[in-house]
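The values are calculated or read from the model by the stated rules, or taken from the named source; none is laboratory data. Since we're looking at a predicted model, the values are computed, not measured. Cβ sites come from the backbone with ideal geometry, for glycine too, and all protein chains shown count toward neighbours.
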Amino acid sequence: MIDTDRFKWSESDIRQLVERQTKATGRKSNRPATVRIELPKPQRGEKFVRGPIPLDWIKAAIPLGRKSINVCLAIWYAAGFKQSNPVKLTATMLAEFDVTADSARKLLMRFESAGLVEVDRKRGRSPIVTILQGSKRPAEL
(Lines give C-alpha, C1' and ligand atoms only; values in the text may rest on other atoms or scores of the structure.)
Protein backbone atom coordinates (compact mmCIF):
# COMPACT_ATOMS: atom_id res chain seq x y z
CA MET A 1 0.00 0.00 0.00
CA ILE A 2 1.44 3.37 -0.97
CA ASP A 3 1.29 6.10 1.65
CA THR A 4 -0.05 9.03 -0.40
CA ASP A 5 0.03 11.43 2.55
CA ARG A 6 3.79 11.82 2.24
CA PHE A 7 3.32 13.31 -1.26
CA LYS A 8 0.93 16.08 -0.23
CA TRP A 9 2.28 19.62 -0.20
CA SER A 10 0.79 22.50 1.72
CA GLU A 11 0.50 25.98 0.21
CA SER A 12 3.27 27.25 2.50
CA ASP A 13 5.61 24.45 1.31
CA ILE A 14 5.01 25.47 -2.30
CA ARG A 15 5.50 29.19 -1.52
CA GLN A 16 8.81 28.44 0.23
CA LEU A 17 9.96 26.38 -2.72
CA VAL A 18 9.08 29.18 -5.17
CA GLU A 19 10.92 31.71 -3.00
CA ARG A 20 14.02 29.50 -2.90
CA GLN A 21 13.93 29.05 -6.68
CA THR A 22 13.50 32.81 -7.20
CA LYS A 23 16.47 33.59 -4.92
CA ALA A 24 18.62 30.92 -6.60
CA THR A 25 17.95 32.15 -10.14
CA GLY A 26 17.70 35.84 -9.26
CA ARG A 27 14.67 36.37 -11.47
CA LYS A 28 10.94 36.16 -11.26
CA SER A 29 8.79 34.40 -13.78
CA ASN A 30 5.18 34.95 -14.78
CA ARG A 31 4.75 31.20 -15.09
CA PRO A 32 3.72 29.27 -12.01
CA ALA A 33 6.60 27.30 -10.50
CA THR A 34 6.61 23.61 -11.23
CA VAL A 35 6.99 21.54 -8.15
CA ARG A 36 9.11 18.45 -8.61
CA ILE A 37 8.09 15.62 -6.38
CA GLU A 38 10.40 12.66 -6.06
CA LEU A 39 9.08 9.44 -7.56
CA PRO A 40 8.14 6.76 -5.04
CA LYS A 41 10.85 4.17 -4.45
CA PRO A 42 10.18 0.64 -3.26
CA GLN A 43 10.59 0.16 0.46
CA ARG A 44 12.94 -2.49 1.79
CA GLY A 45 11.44 -5.90 1.02
CA GLU A 46 8.87 -4.46 -1.40
CA LYS A 47 8.71 -5.97 -4.90
CA PHE A 48 9.55 -3.92 -8.01
CA VAL A 49 10.13 -4.35 -11.75
CA ARG A 50 13.76 -3.83 -12.68
CA GLY A 51 14.45 -1.67 -15.71
CA PRO A 52 15.20 -0.20 -18.07
CA ILE A 53 12.69 -2.00 -20.26
CA PRO A 54 12.98 -1.05 -23.96
CA LEU A 55 9.93 1.01 -24.92
CA ASP A 56 9.93 -0.44 -28.44
CA TRP A 57 9.70 -3.94 -26.91
CA ILE A 58 6.64 -2.91 -24.87
CA LYS A 59 5.05 -1.12 -27.84
CA ALA A 60 5.45 -4.26 -29.95
CA ALA A 61 3.82 -6.41 -27.24
CA ILE A 62 0.83 -4.22 -26.32
CA PRO A 63 -1.32 -4.86 -29.44
CA LEU A 64 -0.87 -8.63 -29.18
CA GLY A 65 -3.65 -9.23 -26.66
CA ARG A 66 -5.77 -7.98 -23.80
CA LYS A 67 -3.41 -9.05 -21.01
CA SER A 68 -0.20 -8.47 -22.98
CA ILE A 69 1.08 -5.68 -20.71
CA ASN A 70 0.51 -7.95 -17.70
CA VAL A 71 2.57 -10.71 -19.33
CA CYS A 72 5.27 -8.16 -20.30
CA LEU A 73 5.58 -7.04 -16.71
CA ALA A 74 5.59 -10.62 -15.43
CA ILE A 75 8.42 -11.57 -17.81
CA TRP A 76 10.53 -8.51 -17.01
CA TYR A 77 9.82 -8.84 -13.28
CA ALA A 78 10.98 -12.47 -13.36
CA ALA A 79 14.11 -11.54 -15.34
CA GLY A 80 14.98 -8.72 -12.94
CA PHE A 81 14.23 -10.78 -9.84
CA LYS A 82 16.33 -13.75 -10.98
CA GLN A 83 18.82 -11.47 -12.75
CA SER A 84 18.90 -13.91 -15.62
CA ASN A 85 17.66 -14.45 -19.12
CA PRO A 86 16.02 -16.98 -19.72
CA VAL A 87 13.51 -17.16 -16.85
CA LYS A 88 10.89 -19.65 -15.71
CA LEU A 89 7.43 -18.10 -15.85
CA THR A 90 5.53 -19.89 -13.08
CA ALA A 91 1.76 -19.94 -12.53
CA THR A 92 2.30 -18.23 -9.15
CA MET A 93 4.19 -15.38 -10.76
CA LEU A 94 1.57 -15.02 -13.50
CA ALA A 95 -1.18 -14.92 -10.86
CA GLU A 96 0.56 -11.94 -9.22
CA PHE A 97 0.04 -10.09 -12.51
CA ASP A 98 -3.58 -11.30 -12.90
CA VAL A 99 -2.84 -13.66 -15.80
CA THR A 100 -4.04 -17.26 -16.13
CA ALA A 101 -1.71 -19.95 -17.45
CA ASP A 102 -3.97 -20.36 -20.49
CA SER A 103 -3.85 -16.63 -21.35
CA ALA A 104 -0.08 -16.59 -20.88
CA ARG A 105 0.33 -19.61 -23.18
CA LYS A 106 -1.61 -17.88 -25.97
CA LEU A 107 0.19 -14.58 -25.50
CA LEU A 108 3.62 -16.21 -25.39
CA MET A 109 2.89 -17.78 -28.80
CA ARG A 110 2.07 -14.28 -30.11
CA PHE A 111 5.17 -12.81 -28.47
CA GLU A 112 7.24 -15.50 -30.18
CA SER A 113 5.70 -14.71 -33.57
CA ALA A 114 6.54 -11.03 -33.02
CA GLY A 115 10.17 -11.91 -32.24
CA LEU A 116 10.02 -10.64 -28.66
CA VAL A 117 10.73 -13.94 -26.89
CA GLU A 118 11.74 -17.53 -27.39
CA VAL A 119 9.85 -20.08 -25.31
CA ASP A 120 11.02 -23.54 -24.26
CA ARG A 121 7.94 -25.63 -23.44
CA LYS A 122 7.78 -29.02 -21.74
CA ARG A 123 4.55 -30.83 -20.91
CA GLY A 124 3.49 -30.24 -17.29
CA ARG A 125 6.23 -27.62 -16.69
CA SER A 126 6.34 -23.85 -16.53
CA PRO A 127 7.58 -22.28 -19.78
CA ILE A 128 11.14 -21.02 -19.89
CA VAL A 129 11.15 -17.63 -21.61
CA THR A 130 14.14 -15.93 -23.21
CA ILE A 131 13.70 -12.21 -23.82
CA LEU A 132 14.85 -11.17 -27.30
CA GLN A 133 15.71 -7.74 -28.59
CA GLY A 134 13.84 -7.35 -31.84
CA SER A 135 16.23 -9.28 -34.07
CA LYS A 136 16.07 -12.53 -32.05
CA ARG A 137 19.12 -11.72 -29.88
CA PRO A 138 18.93 -12.26 -26.12
CA ALA A 139 18.43 -9.00 -24.20
CA GLU A 140 21.21 -8.06 -21.81
CA LEU A 141 20.24 -7.97 -18.13
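Quick one: is A78 assigned to a helix (DSSP H, G or I) and closer than 25 Å to K41 by Cβ?
So A78 passes the test.
Do we have E38 as within 30 Å of V18 (Cα to Cα) and in a loop (DSSP other than H, G, I, E, B) here?
It is true that E38 is within 30 Å of V18 (Cα to Cα) and in a loop (DSSP other than H, G, I, E, B).
Which of the following residues is closer than 19 Å to G115 by Cα and within 14 Å of the chain's Cα centre (by Cα): V87, V71?
V71
Can you pull out the residues in the stretch 1-36 that are modelled with pLDDT under 65, under 31 Å from the mean Cα position of the chain (by Cα) and exposed (fewer than 11 other Cβ atoms within 10 Å of the Cβ)?
M1, I2
Taking the stretch 79-116 as the region of interest, how many residues are surrounded by 16 or more Cβ atoms within 10 Å (Cβ to Cβ), under 12 Å from P127 (Cα atoms) and touching a strand residue (DSSP E or B) at 6+ places or on another chain (Cβ under 8 Å)?
4
Name the residue that is modelled with the lowest pLDDT, counting only residues in the stretch 44-99 that are among the β-branched types (V, I, T) and under 15 Å from F111 (Cβ atoms).
I53
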